[in-house]
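To start, the structure itself, in structure tokens.
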């Protein structure tokens with residue numbers, strides 16, 4: 001949401017940008033469908049694998065550049081915001097306290113990384129998200145990211161017109 005609010009300062013387009021970039025921020029977690037396909041968690045295409053890498057974020061950013069050109073949006077600005085939005089997902093997952101880590105450097109390395117600090121509790125996957133643990137994770141993340149949510153959604157004042165009288 002913050003990326004969308006920053007991408008377009010205000011107006012109807014800001015809401016659309018906030019929605020699109022919020023959805024794209026979750027794109028790396030589309031890898032959970034791999035569980036249904038029999039792909040193990042630790043596989044490069046498993047959860048927190050290739051789709052959580054900085055290369056994947058770069059690829060999505062480049063694809064958004066081409067799409068932005070067709071939609072007559074600023075292509076470089078769009079690619080930067082999309083790439084950063086998708087890329088921060090893996091970096092934030094590296095701050096969690098569980099799982100196998102994140103393949104940030106795929107395809108150059110399949111090593112999984114954790115940040116030195118584990119500030120975010122790992123969320124349960126699937127139906128377990130509706131458990132007490134899932135509620136706890138949602139509450140912690142809501143408190144951690146509340147300042148960003150407020151920044152993104154708080155109405156902004158229009159600049160006052162300059163008084164040019166003598």
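The values are calculated or read from the model by the stated rules, or taken from the named source; none is laboratory data. Computed from a prediction, not measured in an experiment: that's the story for all the values here. No Cβ is skipped: glycine too gets one built from the backbone with ideal geometry, and neighbour counts run over all protein chains shown.
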Can you pull out every residue in region 69-89 that is touching a helix residue (DSSP H, G or I) at 6+ places or on another chain (Cβ under 9 Å) and either farther than 24 Å from residue 17 by Cβ or surrounded by fewer than 19 Cβ atoms within 10 Å (Cβ to Cβ) (or both)?
69, 71, 73, 74, 75, 76, 77, 80, 84, 88
Using the structure shown, decide if residue 66 is buried (at least 16 other Cβ atoms within 10 Å of the Cβ), touching a helix residue (DSSP H, G or I) at 6+ places or on another chain (Cβ under 8 Å), modelled with pLDDT of 95 or more and over 14 Å from residue 27 (Cβ atoms).
no
Failed criterion for residue 151 (all others in (1) assigned to a helix (DSSP H, G or I); (2) out of contact with any helix residue (DSSP H, G or I) (no Cβ under 8 Å at 6 or more places or on another chain); (3) over 19 Å from residue 35 (Cα atoms) hold):
(2)
Quick one: would you say residue 95 is within 29 Å of residue 140 (Cβ to Cβ), touching a strand residue (DSSP E or B) at 6+ places or on another chain (Cβ under 8 Å) and surrounded by fewer than 19 Cβ atoms within 10 Å (Cβ to Cβ)?
yes
Considering residues that are out of contact with any strand residue (DSSP E or B) (no Cβ under 8 Å at 6 or more places or on another chain) and within 19 Å of residue 55 (Cβ to Cβ), the number found within region 106-128 is 7
